[in-house]
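Here's the structure, in structure tokens; my notes come after.
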Amino acid sequence: MFAGHLAAGLVLKKMERRINLGWLFFAALFHDFLLGILVLLGLEQIHIPANFAQTHYLTFTFPYSHGLAASIIWSALAFGITYAVLPRWTYKERSQAGWVIALTVFSHFVLDWFVHIPEMPLLGDDSPKIGLSLWNNLPLAIALETALVIFGFVFYLITVKPKTNLARYGIAALMILITTLTVTGQLFADTPPPANGAAMSWIFQPFLICGLAYWFDRKEA
Ligand SMILES: [Zn+2]
């Protein structure tokens, strides 16, 4: 799941349209960004299943980036940071913005829960793990992820009503590109990526995607 996470940012933009989509996309991708860093530091692990050519997905040991307890902590922290960096907004506006960013961060856990195998721990790595394993039916998982992106973008168009062409067509082009890359990357991946290469991509892709989204949305937010 990659493009699908961005759909959550598109949907939640409605709750506080002054938050630039670049920040919402970063919040939506935060778990994977952190996973990339923790893998490089040796604190979390990527595993390559022997039957990767058939399953097309990696498995993980990732209690700090993708556990339920960790997700709640990261979401609470995101609320606090958002609240702190908006001193000129009223108390109510800061709380609202904090909730929007916190919910976007937490949406990553919920969406990953659908697709991952039961490998997402409730607490630490030795606690019970959950995951609905939708990736075991990859065509269905990809169809749902694509539907989520289409829903998210249409919802954004209808409710946020972006006024500039960049915020409409730029974001549309970005979503089409990322969805195509996500779908083809997973469907046709017969050889697993090197673990460090995957980790690096999770660190750097958000900067590129969020930077573009920030630029497209800068006159709207
Ligand atoms: Zn993830």
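The values are calculated or read from the model by the stated rules, or taken from the named source; none is laboratory data. In this text, all values refer to a predicted model and were calculated from it rather than measured experimentally. Positions of Cβ are backbone-derived with ideal geometry, glycine not excepted, and every protein chain shown enters the neighbour counts. The accessibility values were calculated without ligands, DNA or RNA, using every heavy atom of the protein model including side chains. Shrake-Rupley method; radii C 1.70, N 1.55, O 1.52, S 1.80 Å.
Any idea of the accessible area per residue across the chain, 1.4 Å probe, to the nearest Å²? Please list the in-between numbers first.
Details: 10770 Å² over 221 residues.
It amounts to 49 Å² per residue over the chain.
Straight-line cross-link partners of Lys161 among the lysines, defined as a Cα under 26 Å from its Cα and at least 8 positions apart when in the same chain: Lys13, Lys14, Lys92, Lys219. 3J(HN,Hα) along segment 61-67: 10, 8, x, 7, 9, 10, x Hz, from the Karplus curve 6.51 cos²θ - 1.76 cosθ + 1.60 with θ = phi - 60°, whole Hz, x for Gly and Pro. Judged by the gyration tensor of its Cα atoms, with axes a ≥ b ≥ c, the chain is oblate; a/c meets the 1.5 cut and b/c is at least as large as a/b.
Amide H contacts of Ile117: Ser133, each under 5 Å away and 5 or more positions distant or on a separate chain (H built 1.01 Å from N in the peptide plane; Pro and chain starts excluded). Across segment 82-90, computed HN-Hα scalar couplings (Karplus, 6.51 cos²θ - 1.76 cosθ + 1.60, θ = phi - 60°) run 4, 4, 6, 8, 10, x, 7, 7, 6 Hz from first to last residue, x flagging Gly and Pro.
Just to be sure I understand the curve: with the Debye formula and one point per C-alpha of segment 180-221, what is log10 I(q)/I(0) at q = 0.17, 0.19 Å⁻¹? Log-scaled intensity ratios, in q order: -0.63, -0.72.
Counting pairs of alpha carbon atoms under 8 Å apart in space and at least six apart in sequence, what relative contact order in percent does the chain give? Rounded, it is 35 percent for the chain. When Ile203, Ile117 are compared by accessible area at a 1.4 angstrom probe, the order from most to least is Ile117, Ile203.
Calculation over all alpha carbon pairs of segment 1-97 in 5 angstrom steps from 0 returns a P(r) of 2, 12, 17, 20, 18, 13, 8, 5, 3, 1, 1 percent. Structural descriptor for segment 1-105: relative contact order 29 percent, calculated from alpha carbon pairs under 8 angstrom and at least 6 residues apart.
Which FRET efficiency value, to the nearest 0.05, do you get for Phe155 and Ile72 by plugging their Cβ-Cβ distance into 1/(1 + (r/R0)^6) with R0 = 22 Å? Each step should come with its number before you reach the end.
Details: r = 26 Å, r/R0 = 1.16.
Step by step, r from the Cβ atoms, then E = 0.30.
Taking every protein chain into account, the 1.4 Å probe leaves Thr179 with about 20 Å² of accessible area, to the nearest ten.
Only the Cβ atoms of Lys and Arg (+1) and of Asp and Glu (-1) were treated as charged; on that basis the dipole of the chain about its Cα centre amounts to roughly 1180 debye.
In loop segments of segment 125-221 as defined by DSSP, the trypsin sites (Lys or Arg not before Pro) with at most 16 further C-beta atoms inside 10 Å of their C-beta are Lys163, Arg218, Lys219. Peptides 69-81, 30-42, 10-22 ordered by packing proxy, namely the average of other Cβ atoms within 10 Å per residue, highest first: 10-22, 30-42, 69-81. Karplus-based coupling profile of segment 134-147, in residue order and whole Hz: 4, 4, 6, 10, 4, x, 5, 4, 6, 4, 5, 5, 5, 4, with θ = phi - 60° in 6.51 cos²θ - 1.76 cosθ + 1.60 and x standing for Gly or Pro.
Jot down the per residue volume, in cubic angstrom and as a whole number, of the convex hull over the alpha-carbon atoms of segment 53-112. Working shown, then result.
Working: hull volume 5.1 nm³, N = 60.
Measuring per residue, one finds 86 Å³ for the Cα hull of segment 53-112.
Give the separation of the Cα centroids, segment 56-135 to segment 194-216, in Å. First find each Cα centre; the distance between them is then 18 Å. With a 1.4 Å probe rolled over the protein heavy atoms of all chains, the accessible area of Tyr64, Tyr83 falls in the order Tyr64, Tyr83, largest first. Share of carbon and sulfur in the accessible area of the chain stands at 72%, probe radius 1.4 Å. Ranking Phe109, Gly22, Leu41 by how far each Cα lies toward the positive end of the dipole of segment 1-148 (charges on Cβ) leaves Gly22 at the top.
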